[in-house]
Structure formats: structure tokens, C-alpha cells
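Visitor: Please find one structure pasted underneath; my questions will follow.
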Amino acid sequence: MSNIKCSKYITIICLIFGLLVLFSIGFYVFIQKNNIHTEPVANDDAIQKTAIKEEILKEKFLNPVQKYYKENLEQDETNFLNKAKKSKDNDLEFSKLQMKLIKATDVLNEKYIENIDVNDPYYKNNWVKIPFVEGSYFYAVNSEYLLNKYGKYLSDAYNEWLKFILKRETVMQDGGLTVLPDKLREYIIFLEKFTAQNPDFVLIGDAKDILESYLMTYLEGIDNSPIFDKWNTRKMRPEFKESYEKFLSENKDSKYYSMVEELYNKSKENDFNWDRDFDAWLYEYHKKYFAH
């Protein structure tokens, strides 16, 4: 009997010991799970706080142009890009974005012209650049950036347009030409063909306006780039004469050929001199072609 009782006690003790072991294992696993669960949260909080601090620090050192971009333009670029990736007809929406960028440079030139830092790497390859014209820097839209970033989402016509804008940059400044008259001739011929071949281009109105402006300047001159040297030699300036001759020899299919021919031949009759009688003829000539 005593052996049987002893055996029962041993069995009970073993069961209790086993339960204790199982309880210990379960408690350990529970603690470990809790640790594993809570540690990443702590890490995530730390990472998030660090990221916020870094963002605040970046914002603190943004130059005024970067800040203006982030507040007024960044979302527009992002929205366009997201839509453009899903569409094949993006010219209209892009023209709105481009116009917004152009207007932004007007604001920058008005408010932040004194903050220009030509050595800031932000301007090396970004939406805005800093050209140097006639002794001063100014903000301008970087057409090369637009072409490289968005060209693949735009029509062939818009790509041509951006390349043209990139080439021409500033043609007139402070009442004078910044290019030779023959470069103006090349732009006129390009725009004449471009407007004829792309009548439905989204910026066709702008293209025609620029074409008319260039043609008027080419055949009338402007204040600081006159066709005739009225105060010294009183003759047609050689760079205009040479360009007209090139127009007449190379651009016979242009619809503006007769206009150039009329001005050139009348000037030739007068030995390319400017005088009061010739000036009266010029007045009537300009009125016939450019008066609105």
C-alpha cells in the first residue's frame, strides 16, 4: 500500500513540475513576443522623428527660389507627370504648366533678383536657370530641362517648339537685337514653316505672334538696331543688306519673299541711302504691311 501511495505522490509532483515548466516557457515566449513587437515601434518613432528633423533642417536652408517652387509649382509638376504617363495627348496640359513656370520667373525677377547666386548647384539642371544678358543675371525657365524631362510625353510639334525656344532664347533686349539680322531671317523661315505645318498646335497663336514680331523687326528695325545708319553713313547697315540678299537667294518659296524684295529693290534704287524722300516711302511701305 505504501508503495502505491508513494507512486501517486511522485506522479502528482511530476505533473506539477511539468505544469511549472510549461508555464515558464509560455511566459518567456510571451515576453519575447512583446519585446519583438514593441522594439520596432520605438525604432519607427525614432526614424520618423529623425526624418522630420531633417526635413525641417532642409527647409531652413532652402534658397527663396527653391522655397517658392515647393510652395507654388512642385505639386503642379507632379500632377502633370502622373497624368502624362497615362495619356498620349498632353500638349494642352503641358502648355498650362509651362505658362505657370514662365509667370513664376516673372515673380522671381521681381522679388528675388537680389538673391541670385550663380554658384548655387540648384540652377545647374533644374526648371529655372540664370542667363547673363547685357551685364546682368536674371531668372528664366530652363527649356532644356523641360525638353529632357517632358519631351517624351509631348507631340513632335511641341518638341520642335521647345527646341526653337531653347535656340532663340533672348532675341531682343533693351530696344536692340542680341542676334545678327540673318539669325532673325532663319527664325522667320522656321516659324513660317512651323505654323504652316502645325495649324492645330496648342500654342499656334504664340508662334504666329512671334513670327510677326520678328518679321516687323527684320523689315523695320528697332530703336537700337535700325536698318539704316541715319546719323553717320546714312546708308543701310551691311548686316541687314547681306541678310536681305541671302533671303532673296535662298528663300524664294517664302510667302514673305515679295516683301523683302520690295524693300531691297527700292533701297538699291536709292543706292542704299537713307534720306527724307526714302523715309516717306518707308513709312508707306511699313503701313501697307504692318498697320493693323
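Readers should treat all values here as calculations from the given coordinates under stated rules, not as data from a laboratory. Predicted, not measured: the structure shown is a model, and the values here were computed from it. Backbone-built Cβ (ideal geometry, glycine too); neighbour counts: all protein chains shown.
Visitor: Need the full-extension length gain, Ile204 to Phe290, defined as separation in residues times 0.36 nm minus the C-alpha distance. One decimal, nm. Each step should come with its number before you reach the end.
Guide: Details: separation 86, 0.36 × 86 = 30.96 nm, distance 1.96 nm.
Residue separation times 0.36 nm, minus the Cα-Cα distance, leaves 29.0 nm.
Visitor: Once you've got the Cα coordinates, tell me which of Lys193/Lys287; Lys246/Lys288; Lys241/Lys266; Lys86/Lys152 are over 22 Å apart.
Guide: Where the Cα-Cα span goes over 22 Å, the pairs concerned are Lys193/Lys287; Lys246/Lys288.
Visitor: At a Förster radius of 30 Å, what calculated FRET efficiency corresponds to the Cβ-Cβ distance of Asn125 and Ser87, to the nearest 0.05?
Guide: 0.70
Visitor: Moving on. Name the aspartates and glutamates eligible as straight-distance cross-link partners of Lys167: C-alpha to C-alpha under 14 Å, and not fewer than 8 places from it in the same chain.
Guide: The reachable aspartates and glutamates, counting only those whose Cα sits under 14 Å from Lys167, are Glu144, Glu186.
Visitor: Enumerate the residues in region 89-115 having an amide nitrogen under 16 Å from the point lying 7 Å beyond the Cα of Glu77 toward its Cβ.
Guide: The answer is 94-106, 108.
Visitor: Using the Karplus curve 6.51 cos²θ - 1.76 cosθ + 1.60 with θ = phi - 60°, work out ³J(HN,Hα) for each residue of region 276-285 in order, rounded to whole Hz, and write x for Gly and Pro.
Guide: So the J values, rounded to whole Hz, are 5, 5, 5, 5, 5, 5, 4, 4, 5, 4.
Visitor: 7 Å from Cα along Cα→Cβ at both Asp253 and Asn109: what's the point-to-point distance in nm?
Guide: 3.7 nm
Visitor: Could you tell me which chymotrypsin sites (Phe, Trp or Tyr not before Pro) in region 162-236 are loop residues by DSSP with no more than 16 other beta carbons within 10 angstrom of their beta carbon?
Guide: Those that pass, being in a loop and sparsely packed, are Trp231.
Visitor: Separate question: Round to the nearest 0.05 the FRET efficiency obtained for Asn270 and Glu169 when R0 = 35 Å and r is the Cβ-Cβ distance.
Guide: 0.50
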